[in-house]
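Heads up: the structure comes next, in structure tokens.
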Amino acid sequence: GGTAGVASISASVVYNGSLYVGTSNANSAEIYRYDGDALGTWTKVSGTTGTVGGNATTAIDMISSLIVYNGYLYAGTTEADKAEVYRYNGGSSWTQLNAGGVAGTLLSTTLIDGVPSMAVFGGRLFVGTREVTKAQIYMYNGGSTWIAVNGTAGTFVATNSIGMDAITQMVVVNNQLVVGTLKGGDSDVLRWN
């Protein structure tokens, strides 16, 4: 799509019959749509490099998650203290869904570094965050409203899943939401009850 030196493809999803990919590149994350069988036929849909839809946060490092929910494409970003969730409106237009429109904030935890995982479960959108010792799972409640699934940031099972740094994976298996966590030497696979 014209951007050289992309470090990695960090997320992908099929939306409205087209492949969308998110990139990871220091200060230069982007989202592209694949437009056909010809090699190299991509359209950048995120707008200016390092932003999503021209919103206020610039120099975004990574599009860390993409998912389709209720007929819309959603993207999670990674940028130190400024993680965001966006909904795609078409073209290069996106709506930021963070609480109060504040980058890095989804509910009461602030300065979140990333949104590395998303899942649709029970007809609702769930996102997992990355923040040292304060990882959380949130359920989207419309507009810019979120509900915390784990009451205490970083804690999932009080006896042994404490101080988690990130929710790296989310998947629905046998009608249950299962998540993978990140914590050096002490990561877990958890099922939401």
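A compact table of results
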| quantity | calculated |
| --- | --- |
| V102 paired with A80, simple spin-label distance in nm, labels 7 Å along Cα-to-beta-carbon | 2.0 |
| Residue-normalised accessible area of the range 140-193, expressed per residue, 1.4 Å probe, Å² | 56 |
| Förster radius 41 Å - calculated FRET efficiency between V178 and T43, Cβ distance, rounded to 0.05 | 0.75 |
| Paramagnetic label zone (point 7 Å from Cα along Cα-to-C-beta, R124; backbone N under 19 Å) in the range 138-159 | 138-157 |
| Accessible surface of the range 29-102, 1.4 Å probe, proportion on carbon and sulfur as whole % | 50 |
| For the chain, Kirkwood radius (reciprocal of mean inverse C-alpha pair distance, Å) | 16.7 |
| Set of aspartates and glutamates near K44 by C-alpha distance (under 12 Å), chain-local residues within fewer than 8 positions excluded | E30, D35 |
| Stretchable slack from Q169 to N141, in nm (0.36 nm times residue separation minus alpha-carbon distance) | 8.0 nm |
| Gained length - A148 relative to W192, 0.36 nm times residue gap less alpha-carbon distance | 14.6 nm |
| Amide N proximity, the range 89-116 versus S18 label position 7 Å along Cα-to-Cβ, cut-off under 12 Å | 89-93 |
| Alpha-carbon centroid distance for the pair the range 145-176 / the range 2-36, whole angstrom | 27 |
| Residue-wise HN-Hα coupling along the range 115-123, computed from phi with Karplus coefficients 6.51, -1.76, 1.60 (Hz; x: Gly, Pro) | 10, x, 9, 8, 8, 10, 9, x, x |
| Using θ = phi - 60° and Karplus 6.51 cos²θ - 1.76 cosθ + 1.60, couplings along the range 7-13 (whole Hz; Gly, Pro as x) | 6, 6, 8, 9, 7, 7, 6 |
| For the range 114-182: Kirkwood Rh in Å [reciprocal of mean 1/r, alpha carbons] | 12.0 |
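The values are calculated or read from the model by the stated rules, or taken from the named source; none is laboratory data. Keep in mind that this is a model prediction, so the values were computed, not measured. In this analysis, Cβ positions are derived from the backbone assuming ideal geometry, glycine residues included, and neighbour counts consider all displayed protein chains. Note: accessible area is taken over every heavy atom of the protein model, side chains too, but ligands, DNA and RNA are not part of it. Shrake-Rupley method; radii C 1.70, N 1.55, O 1.52, S 1.80 Å.
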